[in-house]
Amino acid sequence: MLAGAAIFVGLAGGAGVWLFKRLIDLAHIGAFNGVGGLLALAGNWTVFLIPVLGGIVVGLILHFFVGEERHHGVAGIMEAVALAGGRLRYRRVPAKAVAAAISIGAGASVGPEDPSVQIGAALGSMVGQVSRLSDERVRTLVAAGAAAGIAAAFNAPIAGVFFALEVVLGELSAGSLGVVTLAAVISAVFTQAVSGPQPAFHVAAYAFNGISELPFYLGLGVIAGPIAAAYIFLLDASQRTFHNLRMPRWVKPAIAGLAVGVVGIFLPQLFGVGYETIGSVLSGETFAFGIVLLLLAGKLILTPLSIGSGFPGGVFAPSLFIGAMAGEAFGQAMAFVFPQLHLAPAAFAMVGMAAVLAGSVHTPLTAIILLFEMTNDYRIILPVMLAVVVSLVISRRLMHDSVYTLALARKGVRLERGRDVELLEGIRVDEVMERENETLRENETLTEASEWLLHTRHHGAPVMDAQNHIVGILTLQDLERAQNQDGEKKNNLMVGDVCTRELLTAFPDESIGAALRRMSTRDIGRLPVVSRDDPRELVGVLRRTDMVRAYDVALTRRAESRHQTHQIRLGAYSGAQIEEVRVQSNSSCADKRVSEVSWPQDCVIASIRRGRTIIVPHGSTVIKTGDVLVIVTSSGDAHQKLRELSQST
């Protein structure tokens, strides 16, 4: 069934991305030929209005048809795969695809790959959810859809597979590899059938002239790393800046569109994706050194502005543009300094593309393979690998997170192998497991077991023997297999005959992160928890719902830990006394604004912890029951007064 779903996702993903590309073409024609033609009657300088108008249209579409999202693009997919079993809000994707097409068509400095990945991933999630597949299989189909999206966007199926494994899943397993590869191949076959097998860029003939050139490519990697880190930093800074601007959402893309439009008057190569400019550079066309640097700086600034303001689109293609310009500039400089070596700047541009991409997205294999598939040129593999590794190492030293994971990290989500295990490593199994064990006996009939599972609405239960030792686990899959046997034999089967006896178990004192990884290896929804002293003694059951509770506990602990750290630092830096009080119901300060409470003299409320949220209070901030107030005071007599204010009257 999963293979059939992968074929459908690959075919539908390829078709969806093909339609998305056609939509971009239509949007570009309508924007620059239609609207642009009318504006040109007043002068060519009016071209700057096209991205502004596009930003307004895009902002209105996102406001009325998409709404607020926790994370955008690939980061949202990564979070859904890690924390929500791959369940995406796929109904929003058509509106987001239209908005992305208008963004690119109107000249915003964004790429087509994030929307392409979202199209494929949403299709995978939709198929998994409609088919009511397990979380692990939905995750696999989401990754398959992402691979199909990359394969169709760049005509690069192998890179699509590596992207899905490196970015979306974060791990390689035999089961997921086959499904992901199948979807990517089907998507690429469809794309090549309707668009042709040609690579994205046509590259002039280059040759690697020997080991003497490697130091130059090493130098390019050294330069590409900081550029990639700057790209990550500017993207994050722009997103946070626009997020904090208090203005209607639809206005923000118009502001970025104004910046893009004004720069585009002088550097029209910065409108849209920029593939034509990349192709010109790779084919050997020479640009003035100053123009190359301006294109590099322009894309490095305009892409974060466009993404941060809300223009939907990708960071992948812009990083290729930045890398191509960085490599071209470096190659021109080295060719000028060492004319006797006959260095080809275009070769450095090609290597620079992979180096900046790897440093930005932290996906070295994807970057290397994508470059080869997009250019169809395998002649300088050693320089590419060297530059990619050096760029990645330097970029990670400067910015630990990638363009995708930084936004997640800012909200406390740290991914490892596609799971948010960092939070969960501090939670023990016995803190969240179910201790009231509902079990089955191995001498019960299958009919009794089926009725019990139906009544309790469980999908499985541990199986115990006469000595009350755990001997296996019975799941709905075990019952389905038993139903396929002969009628007479089926009627005589007991629970012990069909239950799964090769058990995966957890121990009470191990971390939830370790248990989660063990569950994912077998795609199972529950783990029996057994004693370390006696592995036959059942002490609890760990289910997927317990994982949700564990994550909630972990987030609360992280908030408390950060809050405590904040208090310690505040006290150390100020030398003042730090008081922490919890507001009780019916207290004199509950449900009042901070400005309405008669606080003791020389007291300042530094912060308020409300659940997992840390609030920096203002005079208009309303204090709620259950809030924890951190108060800085220089008065030794304030303690008792603060307690009286916060306690019930």
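Below, the figures for the structure above:
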{"read-out": "Residue check, ILE265 under 30 Å from ILE56 (Cβ atoms) and surrounded by fewer than 16 Cβ atoms within 10 Å (Cβ to Cβ)", "value": "yes"}
{"read-out": "Listing of helices (runs of 4 or more DSSP H) fully contained in segment 11-99 that carry 1 or more residues being over 24 Å from GLN269 (Cα atoms) and in the same structural domain as ALA152 (by TED's automatic domain parsing)", "value": "49-61, 73-83"}
{"read-out": "Filter result for the condition that a residue is among the polar types (S, T, N, Q) and in contact with a helix residue (DSSP H, G or I) (Cβ under 6 Å, 6 or more places away or on another chain), over SER195, SER176", "value": "SER176"}
{"read-out": "Matching helices (runs of 4 or more DSSP H) fully within segment 172-266 where at least 1 residues are among the hydroxyl-bearing types (Ser, Thr, Tyr)", "value": "174-195, 214-244"}
{"read-out": "Some residue of segment 36-55 being within 23 Å of SER238 (Cα to Cα), touching a residue at least 40 places away in the same chain (Cβ under 8 Å), of a type in the set (A, V, I, L, M) and in contact with an Asp or Glu (Cβ under 9 Å, 6 or more places away or on another chain)", "value": "no"}
{"read-out": "Residue that is closer than 30 Å to THR277 by Cβ and in a loop (DSSP other than H, G, I, E, B), where the choices are SER109, SER116, SER103", "value": "SER109"}
{"read-out": "Residue identified as at pLDDT 90 or above, touching a Lys or Arg at 6+ places or on another chain (Cβ under 9 Å) and crowded, with 24+ Cβ neighbours inside 10 Å among ILE307, ILE322", "value": "ILE322"}
{"read-out": "Odd one out for HIS455, checked against (1) at pLDDT below 80; (2) of a type outside the set (D, E, K, R); (3) out of contact with any Lys or Arg (no Cβ under 8 Å at 6 or more places or on another chain)", "value": "(1)"}
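The values are calculated or read from the model by the stated rules, or taken from the named source; none is laboratory data. These numbers come from a predicted model, not from an experiment. When we count neighbours, we look across all protein chains shown, and the Cβ atoms used for this are built from the backbone with ideal geometry, even at glycine.
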